[in-house]
Structures are given as structure tokens and as C-alpha cells.
Amino acid sequence: MIVGAACLFAVITLVLRFAPLPENFGAFGALSIFCGLMVCGPLRWALPLATLFAGDCLGQVMGTPGMGFYSAQSMLFNYLAMASMVLVGSCFSAAANRTKNAPWQSWIAVGIACLCGSVAFFLVSNFGSWLDPLLPYDRSFSGLMTCYWNGLPFFRPTLQSDLVFGPAFYGAYQLAPLALGIQGTRTR
């Protein structure tokens, strides 16, 4: 069931990429965190990164402004940043899967994972922007801080979307057995 849910969330994430949402407001981070929290094995990493790549490919082919392929160095760091969100999710996996004794703890773990994942994405992706030779940042500590400062307006919608879609994906997965009339099928 978890693989099916993760694949469904990947499709939703991809569709939302082309929806008229505010810039940097999307579900890629939430998908990465969900996969880190709930999916095991190579799919944990492959699904969010493949979904991001599919979105980049579609954006490029469709000629959608602001989507598609751009600076290879910046893209590499964005993919690393997405992988860092999977890693954050996996660090909170045990806490998010504690549902029998204290289910509220799992929701707190999901919220904290979303917050930490957003911060990780911000730090890694903006570090890549600082290193990008096409961007006008000095290769100094001051230049790095300027890059992070300039990235703050983009952090807010990223954090908001992760805090919306992350718990939504997790909640939908938790409620799916009830909605489908299935009991005791929680597998990882």
C-alpha cells in the first residue's frame, strides 16, 4: 500500500507543478519528506528525484517559463537539496511510525520533519546558488550570507507548502485504510 500511495503522491506532485500556484509553492518537498518517512529501500530516494526530473523534462518540453533545465550546477544542488529532504524524513521515520501508543507523537514528528526538511533544502540549494558562476555572488563568507539573505523571500512559500502538503500526504496515507475499509495493513 505504501508504494501505491507514494506513487499517487508523486503524480499529484507533478500535476501541482503545472498548476497556477505561487512561485516555490509545490509538493516536491512534501513528497521527499513523505518518502523519507514512510518508504524503504531505493524507492525512498528514486521516487522524489525521478518526479523532480520528470517535472524538469516536462517543463523544458512544454517551454513553460521558469521550468525546465537551467544551470547544471544549480540544478545539481537542487537535486541534492531534495535528497537532503529525503534524508531528513528518514531521520524522523521511527518517530512518525509510532501510532499505537501515542499517535500525536507521529504528527509532531511529521511537522518537525517538514520544518527541518525546508531548512535543509534552503541551505543546500542556496549554497549551490552561491557557487554558481552565473550568479553575482562573491566567493566569500559575506557573499554566502548575501545569497542566503536574497533567498529568504523564496523560503517562505517553500516552508508553507511543505507544512501544507507534508501533513496532507501523511494524513491521507494514515486515513486511506479507513476510507477503503481495510484494517491492520500498515506495512513498510
| field | Residue count for region 135-170, restricted to those that are under 16 Å from the mean Cα position of the chain (by Cα) and either at pLDDT below 90 or among the basic types (K, R) (or both) | value | 1
| Is there a residue in region 83-102 that is surrounded by 18 or more Cβ atoms within 10 Å (Cβ to Cβ), of a type outside the set (A, V, I, L, M, F, W, C), free of Cβ contacts under 8 Å to residues at least 40 places away in the same chain and assigned to a helix (DSSP H, G or I)? | no
| message | Taking the condition of being within 26 Å of A113 (Cβ to Cβ) and acidic (D, E), how many residues in region 125-163 meet it? | response | 1
| more than 26 Å from P20 (Cα to Cα), under 21 Å from the mean Cα position of the chain (by Cα), aliphatic (A, V, I, L, M) and at pLDDT below 85 - does that describe any residue in region 106-121? | no
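The values are calculated or read from the model by the stated rules, or taken from the named source; none is laboratory data. Remember, it's a predicted structure, so these values are computed and weren't measured experimentally. Cβ coordinates were reconstructed from backbone atoms using ideal geometry, including for glycine residues, and neighbour counts include every protein chain displayed.
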